[in-house]
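The values are calculated or read from the model by the stated rules, or taken from the named source; none is laboratory data. On a predicted model such as this, the values are computed, not experimentally measured, just so you know. Note that we place each Cβ from the backbone using ideal geometry, even for glycine, and neighbour counts take in every protein chain shown. Side chains included, ligands, DNA and RNA excluded: accessible areas come from the protein's heavy atoms. Shrake-Rupley method; radii C 1.70, N 1.55, O 1.52, S 1.80 Å.
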Amino acid sequence: METADSIVVRRPERWDAPMDPQMTDADVTWLRSREPFASMDLKAFPKATPLEGILKNDCRLHRCEPGEIIVREGDYGNSAFLVIAGSVRLIAESLTAHQLGRTPKQKMSWRESLSRFWRQSKFNEARDPCEVTLNVADHATPIRQVDDRAAIFLQDFDAVFHEHETVPLGPGELFGEVAAMYRSPRTATVIAENEATLLEVRWQGLRILRRDRDFCDSLDEHYRTQWLPIHLRELPLLRHVPEVNLRRVVEATQLRSFGRMEWNADYKRARKLPPEQQILAEPLVVEEGRMPTELVIVRSGFGRVSGQYGAGHRTVAYLGKSHAFGLEELAYNALRNSSSPPRTLQYSLRAIGFLDSLHIPAETFACDVLPYVRRSELPASLAKLVRTKPIAAGERRKSDRKDDPPTADWKDLPSPTGTQFQPTGLLEFIVQNRFSNGREAMVIDLHRCTRCDDCVKACTSVHDGNPRFVRQGATHERLQFVQACMHCTDPVCMIGCPTGAIARDTDTGVVAIHEPICVGCGTCAAACPYENIRMASVVDRHGRAYHDAQSGRQIVKATKCDMCTGSPTGPACQSACPHDALVRIDLSESKPLRDWMDQRE
């Protein structure tokens, strides 16, 4: 309702900021004449987001030159690419950092680390010029201006194509859709083989394009034939399955998704709900008490494992990427004696915000997977059954090979759901606040912490006078989960970065900002659901502000915890704590936190 002291403004619309402002109606008409758009059903698209609108606002045409790197293995992206003309080559093998234009940060020596404090500027967020803007002459790989964008080129790409196994992609073929839709790193590098025209589609538009049944089916078939065998082979349960069996598993596996991919949009609202209401509001994947009919494997996102407790539910574990649900029940039912009754599911599985999963039917699991699973990969309760299962004459179980490592102690194996159990209250707290997303969460034991703030002072001294965190955050009993970058498993902050300045280090997993190419747009800060990225104006060592040569605006950079990459001591906050009260810990698995808490007792 409008009042005398209110300001009337227009609410932003979906396509106020098109992906390519230069995209014309003529370009859209041309694209509509080509496949797969020519045969799409226009009635499948909502009136608010028609096909023409997606092509004009969620797409961008690229004209690539030979040798241009289009996507790099390990990078995160928010778009897929459709080859319109020309050809590109996909290189599944890893190239060197030099070839891909990456400049890995070298670890400092102790002398260099100490000298940093001696020459520290008295001004906050002080930077040398090389840290503010990219010096093309010093870059490892040539960067040239193509149209209105900076492009990276692979040197001597003909030799690279000859030395590495490549897959050619021509007109009508799509790549990058899996990384775009599921916020996962690119699994291959793609390079232009000749002059090529590509259509880049950001994931918001790609999701709507999937409303066309034929296009959706083609995407799913492409994933099933190209990537599903690779992803299944990466799972410990399936790494020894023969190729002929794996092909049958691929054919039988179902792909399903639960919840909203934009889980960060609902995060603030959901975390305020009581745990009981939050559990019931989450999409149900599998319900306890039912007969298991499939093995559920998490491909992306997180799942909550809960059990009926009185009139409500209680969380007993949470699952992340590659964790399996229903393994114990399925394996038991396949190995049990005929006189023993089958087991039903002990717990329910729900999607925490968003869950993308693979579903392998029980019959396929029993025939094509279970005979090749090592004993150490199965729950402890099945040890006796595995050892006594009859084997055909002349056949030897894969898990009994002489070259296999010794079977792990049963007491050290994870729970049937794939993660270790935590105290119920703590589990509810971690899941409710989505801390399970953190790979390097900062946790403080408040029973040991004396509030000396040595951790904050150490961070301040390392990061140009501005600490990358404050000693505050949500608490549960004796534990405080500090508001600092957690270097998430699902780093939604990366989605939308226009230059790729924020990326995960392929060696350490640290989510870092490459400041020379950070344009200070603030997209990452707005996307972080935990508010752990801040924008800061930068100055030189004498306190003089940097300004853009064209616009005159002051240079702003995104800042966040970088785990003190390159420092010989590791994270300064942790090494500076005199009471061993602070730890950087992986919460995507519950075992590390449980072990750390056990040491506190």
When (1) under 27 Å from the mean Cα position of the chain (by Cα); (2) open to solvent by 50 Å² or more (accessible area, probe 1.4 Å); (3) modelled with pLDDT under 70; (4) not aliphatic (A, V, I, L, M) are applied to T96, the one that fails is (3)
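Taking the stated definitions as given, is P406 modelled with pLDDT under 65, buried (at least 21 other Cβ atoms within 10 Å of the Cβ), over 15 Å from R584 (Cβ atoms) and out of contact with any Phe, Trp or Tyr (no Cβ under 7 Å at 6 or more places or on another chain)?
On the way: modelled with pLDDT under 65: yes; buried (at least 21 other Cβ atoms within 10 Å of the Cβ): no; over 15 Å from R584 (Cβ atoms): yes; out of contact with any Phe, Trp or Tyr (no Cβ under 7 Å at 6 or more places or on another chain): yes.
In short, no.
Of all residues in segment 448-473, which are of a type in the set (S, T, Y), under 17 Å from C564 (Cβ atoms) and open to solvent by 50 Å² or more (accessible area, probe 1.4 Å)?
So the first thing to find is which residues in segment 448-473 are of a type in the set (S, T, Y), and the list is 450, 460-461.
With the extra rule that they be under 17 Å from C564 (Cβ atoms), the set shrinks to 460-461.
Scanning segment 448-473 gives no hits.
Taking segment 438-457 as the region of interest, how many residues are aliphatic (A, V, I, L, M) and part of a loop (DSSP other than H, G, I, E, B)?
So in segment 438-457, the residues aliphatic (A, V, I, L, M) come out as 441-444, 446, 456.
Next, only the ones that are part of a loop (DSSP other than H, G, I, E, B) stay: 446.
Residues flagged as aliphatic (A, V, I, L, M) and part of a loop (DSSP other than H, G, I, E, B) within segment 438-457 amount to 1.
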Give me a count of the residues in segment 39-60 that are open to solvent by 20 Å² or more (accessible area, probe 1.4 Å) and either outside any loop (DSSP other than H, G, I, E, B) or closer than 17 Å to E200 by Cα (or both).
7
Please note which strands (runs of 3 or more DSSP E) are completely contained in segment 275-384 and include at least 2 residues that are touching an Asp or Glu at 6+ places or on another chain (Cβ under 7 Å) and not hydrophobic (A, V, I, L, M, F, W, C).
294-309, 312-319, 348-361
Does any residue in segment 448-465 that is at positive phi come within less than 9 Å, Cβ to Cβ, of a residue that is among the hydroxyl-bearing types (S, T, Y) and surrounded by 15 or more Cβ atoms within 10 Å (Cβ to Cβ) six or more places away or on a different chain, and which pairs are these?
D464/S121; D464/T559; G465/S121
Among the residues of segment 285-311, how many are surrounded by 21 or more Cβ atoms within 10 Å (Cβ to Cβ), over 27 Å from the mean Cα position of the chain (by Cα) and of a type in the set (F, W, Y)?
0
Checking H514 against (1) open to solvent by 40 Å² or more (accessible area, probe 1.4 Å); (2) more than 23 Å from V538 (Cα to Cα); (3) out of contact with any helix residue (DSSP H, G or I) (no Cβ under 7 Å at 6 or more places or on another chain), the condition it does not meet:
(2)
Over 21 Å from A458 (Cβ atoms), at pLDDT 80 or above and in contact with a Cys (Cβ under 7 Å, 6 or more places away or on another chain): is that true of C573 in this structure?
no
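Would you point out which residue out of A270, A351 is under 25 Å from L235 (Cβ atoms) and in contact (Cβ under 8 Å) with a residue 12 or more places away in the chain? Let's see the steps before the verdict.
On the way: A270 fails: under 25 Å from L235 (Cβ atoms).
Going through A270, A351 in turn, just one is under 25 Å from L235 (Cβ atoms) and in contact (Cβ under 8 Å) with a residue 12 or more places away in the chain: A351.
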Would it be correct to say that H542 is more than 22 Å from the chain's Cα centre (by Cα) and more than 23 Å from C459 (Cα to Cα)?
no
In segment 285-298, how many are touching a strand residue (DSSP E or B) at 6+ places or on another chain (Cβ under 7 Å) and either of a type in the set (D, E) or within 12 Å of Y347 (Cβ to Cβ) (or both)?
6
